Amino acid sequence: MSQLLLKPELVIGGEHRMSSDGSTFEVRNPATKELLANVPKGTSDDVKAAIDFAQSVYSNWSETPAPQRAEILYRVGEIIRKEQNELAEILTLEEGKAFPEALAEIVEGYDTVMYIAADGRRMWSYVSPSEQKDKACMVIRRPLGIVGVITPWNFPFSIPLWKIPPALIAGNTVVFKPASNTPLIAMKIVEIFERAGLPKGVLNFVTGPGSQVGEAMLNDKRLKMISFTGESITGHKIAEANAIFLRKQILELGGKNPIIVANDADLDVAVPAILYASYSNCGQKCTAGSRIIVEEKIHDKFVERFVKGADALAVGNGMNPGVQIGPLITEEARAKIEKYVDIGKKEGAKMLCGGSRYDDNERSKGHFFKPTVFVDAANDMRISQDEIFGPVACVIKARNVDEAIEIANDTRYGLSSAIYTRDLKNAFKSLSKIESGIGYVNQGTTGAEVHLPFGGVKDSGFGREAGEIAIENYTEKKAVFIDYSYERRPWYFGESG
Ligand code: NDP
């Protein structure tokens, strides 16, 4: 295990320190429940100090030419690439996902940093014609000020890197609060920025509970934006707090993502892809394919193959070679999944596999849970509507693709969606009719690429991250009018009335 795992600290104004009252909380490996570290439990005083520093260095940082800011990001990218295996190991130990998936997340972080670094020379705006002669019109970009970044535990490396690099390249300073389940990989992010030469105080790091550290951030009006990813319920609370200050925000929230399997789908391709979309990261993905809506004619064949596949998935400690799926993040998360298994049974859905813990020696040490499939699920059941956030998929039967699209839309969420079909008409119909921020054809609901915008509609939040919109999020546009006629315009008031 990396030595750095043992030194989690707050980073405020470049100083590494414990929380102001000395309190800590534990972080444990979800596969073994072993203690990984005691982490400082930040206080509202720590948040205030972090914001004070972010404010004190803001004018220097925002006046640093963007190509120079980009040099730091390029160095961040190089360090990530060089140390990707060590970073992936920390991610697996702390979050539980299988090592190959952890490595893919680290590489996604690298891709984002390098993509955004190029904006240091590309933060374009535009010049436009004027209604008047000898007058120039243009739009310039200005940073927002101090940005608050609050992130979840399920992608604890890539999600902060969707937010921090574009905020910094645009000239903002940042206060970063990671999820309390995964502060160690977050600490590594901050250390990498320091090693890459980021000036002290530009990126500040405060670990600790959302109810304490997160709320202290929300209550400080000096933060000009909150960039948040997490549950829809938390997102609503954050939106309410932001409304008080009319503060800018991005909210990337939960999902209950539909995958339609049409009669003409190629099951050799669809079944493995949907197994991945539903169960990778133990189903703990905002984009997990948790509602599989299958056309009648192909339904039974699909179910037979899907259940067999789910049953055969290799579940275990993510550090072991060959393991595909790791544990759930916490004991509470596992208890929540068990509650939903009971609810599903009571609602009358048929459980064809999974539904319980493992009782072998190794897996009973961690929060493991068997991949679970419910069939004969109706779309109004809670198991079809609530974000379970675990290895539980519901299969819902539909008469045809039109009905499948209606079912797909019958949810409070709208993050990702997919269809398996060889019929272009059905593919385009589902892309245009399904209310979601992301749409796939012949791919599961996961696997976004960093140069395209990512985000959802309805209760999945609003705003988009990554892609060309990233810079848009972290800058204000200022319309600029320059009159170089040096003349008195005919409509100006005269000085003597
Ligand atoms: P939570 O909403 O519980 O937590 C997210 C972050 O918010 C954590 O850092 C948490 O701190 C903090 N927080 C909690 N309460 C408050 C509060 N009152 N004020 C300020 N901050 C607070 O989400 P999870 O971490 O459990 O993440 C899983 C959720 O994230 C799922 O719903 C998933 O769908 C969603 N998600 C959405 C994505 C998207 O892009 N749409 C991508 C990935 C995940 P603490 O950890 O200390 O509680």
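Starting from residues that are hydroxyl-bearing (Ser, Thr, Tyr) and under 17 Å from the mean Cα position of the chain (by Cα), keep the ones in the stretch 420-474 and report whichever is surrounded by the fewest Cβ atoms within 10 Å (Cβ to Cβ). Break it down stepwise before answering.
If we filter the stretch 420-474 for residues that are hydroxyl-bearing (Ser, Thr, Tyr), which is where we start, we get 420-421, 430, 432, 436, 440, 445-446, 460, 474.
Going one step further and asking which of them are under 17 Å from the mean Cα position of the chain (by Cα), we end up with 436, 445-446, 460, 474.
Working: Ser436: 27, Thr445: 29, Thr446: 21, Ser460: 29, Tyr474: 29.
Filtering first and then ranking leaves Thr446.
Look through Lys285, Lys237, Lys297 and report the one residue that is within 26 Å of Ala427 (Cβ to Cβ) and within 10 Å of the ligand (Cβ to nearest atom).
Values: Lys237 fails: within 26 Å of Ala427 (Cβ to Cβ); Lys297 fails: within 10 Å of the ligand (Cβ to nearest atom).
The conditions single out Lys285.
Determine whether Asp386 is in the same structural domain as Lys336 (by TED's automatic domain parsing), over 23 Å from Asn320 (Cα atoms) and crowded, with 17+ Cβ neighbours inside 10 Å.
On the way: in the same structural domain as Lys336 (by TED's automatic domain parsing): yes; over 23 Å from Asn320 (Cα atoms): yes; crowded, with 17+ Cβ neighbours inside 10 Å: yes.
Judged against the criteria, Asp386 is a match.
Let's see how each residue does on (1) within 16 Å of the ligand (Cβ to nearest atom); (2) among the charged types (D, E, K, R); (3) free of Cβ contacts under 8 Å to residues at least 60 places away in the same chain:
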| position | (1), (2), (3) |
| --- | --- |
| Leu328 | yes, no, no |
| Gly348 | no, no, yes |
| Gly355 | no, no, yes |
| Gly366 | no, no, no |
| Asp386 | yes, yes, no |
| Arg399 | no, yes, no |
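I need every pair where a residue in the stretch 143-158 that is farther than 30 Å from Asn60 by Cβ and assigned by TED's automatic domain parsing to the domain that holds Ser227 has its Cβ under 7 Å from the Cβ of a residue that is surrounded by 23 or more Cβ atoms within 10 Å (Cβ to Cβ) and of a type in the set (Ser, Thr, Tyr), sequence separation at least 6 or different chains.
Note: pairs meeting the criteria are Pro152/Thr229; Trp153/Thr182.
Need the failing condition index for Arg195 against (1) within 16 Å of the ligand (Cβ to nearest atom); (2) assigned by TED's automatic domain parsing to the domain that holds Thr64; (3) of a type in the set (D, E, K, R), just the number.
The failed condition is (1).
Do we find a residue being among the hydroxyl-bearing types (Ser, Thr, Tyr) and touching a Cys at 6+ places or on another chain (Cβ under 9 Å) anywhere in the stretch 397-411?
The answer is no, given that none of the residues of the stretch 397-411 is among the hydroxyl-bearing types (Ser, Thr, Tyr) and touching a Cys at 6+ places or on another chain (Cβ under 9 Å).
List the pairs whose first member sits in the stretch 280-293 and is in contact (Cβ under 8 Å) with a residue 60 or more places away in the chain, whose second member is within 11 Å of the ligand (Cβ to nearest atom) and acidic (Asp, Glu), and whose Cβ atoms are under 6 Å apart, counting only residues at least 6 apart or on separate chains?
none
Take the residues in the stretch 241-265 that are assigned to a loop (DSSP other than H, G, I, E, B) and over 24 Å from the mean Cα position of the chain (by Cα), then tell me which one is nearest to Arg412 (Cα to Cα). Show your work before the answer.
First, pick out the residues of the stretch 241-265 that are assigned to a loop (DSSP other than H, G, I, E, B): 246-247, 253-256, 262-265.
Filter once more, so that each one left must be over 24 Å from the mean Cα position of the chain (by Cα): 262-265.
On the way: Ala262: 23, Asn263: 27, Asp264: 29, Ala265: 27 Å.
Among them, the one singled out is Ala262.
Please name all residue pairs, on different chains or six or more residues apart, with Cβ atoms under 6 Å, provided the first residue is in the stretch 211-232 and is under 20 Å from Leu253 (Cα atoms) and of a type in the set (Gly, Ala, Ser) and the second residue is assigned to a helix (DSSP H, G or I) and near the ligand (Cβ under 6 Å from one of its atoms).
No pair meets every condition.
Which of the residues that make up the stretch 454-492 are modelled with pLDDT of 95 or more, out of contact with any strand residue (DSSP E or B) (no Cβ under 9 Å at 6 or more places or on another chain), more than 13 Å from the ligand (Cβ to nearest atom) and among the basic types (Lys, Arg)?
If the condition is that a residue be modelled with pLDDT of 95 or more, out of contact with any strand residue (DSSP E or B) (no Cβ under 9 Å at 6 or more places or on another chain), more than 13 Å from the ligand (Cβ to nearest atom) and among the basic types (Lys, Arg), then no residue fits.
Those residues that are acidic (Asp, Glu) and away from the ligand (no atom under 15 Å from the Cβ), I need them from the stretch 240-282; list them, please.
Within the stretch 240-282, Asp264, Asp266, Asp268 meet the criteria.
Out of Lys135, Lys221, Lys163, I need the residue that is surrounded by fewer than 16 Cβ atoms within 10 Å (Cβ to Cβ), within 16 Å of the ligand (Cβ to nearest atom) and more than 26 Å from Ser23 (Cβ to Cβ). Which one? Before the answer, list the steps.
Details: Lys135 fails: within 16 Å of the ligand (Cβ to nearest atom); Lys163 fails: surrounded by fewer than 16 Cβ atoms within 10 Å (Cβ to Cβ).
Residue meeting the stated conditions: Lys221.
Which of the numbered conditions does Ala393 fail, given that it passes all the others? Conditions: (1) in contact (Cβ under 8 Å) with a residue 60 or more places away in the chain; (2) within 16 Å of the ligand (Cβ to nearest atom); (3) part of a loop (DSSP other than H, G, I, E, B).
All conditions pass for Ala393, except number (3).
So, Leu431, is that one in contact with a Cys (Cβ under 9 Å, 6 or more places away or on another chain) and among the aliphatic types (A, V, I, L, M) or not? First the steps, then the outcome.
Numbers: in contact with a Cys (Cβ under 9 Å, 6 or more places away or on another chain): no; among the aliphatic types (A, V, I, L, M): yes.
So Leu431 does not fit the description; no.
Kindly indicate which of Leu36, Leu91 is of a type in the set (A, V, I, L, M), surrounded by fewer than 23 Cβ atoms within 10 Å (Cβ to Cβ) and touching a residue at least 60 places away in the same chain (Cβ under 8 Å). Can you show your working first?
Working: Leu91 fails: surrounded by fewer than 23 Cβ atoms within 10 Å (Cβ to Cβ).
After applying the criteria, what remains is Leu36.
Could you please find all residues in the stretch 438-472 being assigned to a helix (DSSP H, G or I) and within 29 Å of Phe428 (Cα to Cα)? Steps first, answer last, please.
The initial filter retains those residues of the stretch 438-472 that are assigned to a helix (DSSP H, G or I), namely 458-460, 469-472.
Lys458, Asp459, Ser460, Ile469, Ala470, Glu472 - these are the residues of the stretch 438-472 that are assigned to a helix (DSSP H, G or I) and within 29 Å of Phe428 (Cα to Cα).
The values are calculated or read from the model by the stated rules, or taken from the named source; none is laboratory data. No experiment lies behind these values; they were computed from the predicted model shown. With ideal geometry, Cβ positions are generated from the backbone for all residues, glycine too; neighbour counts draw on all protein chains shown.
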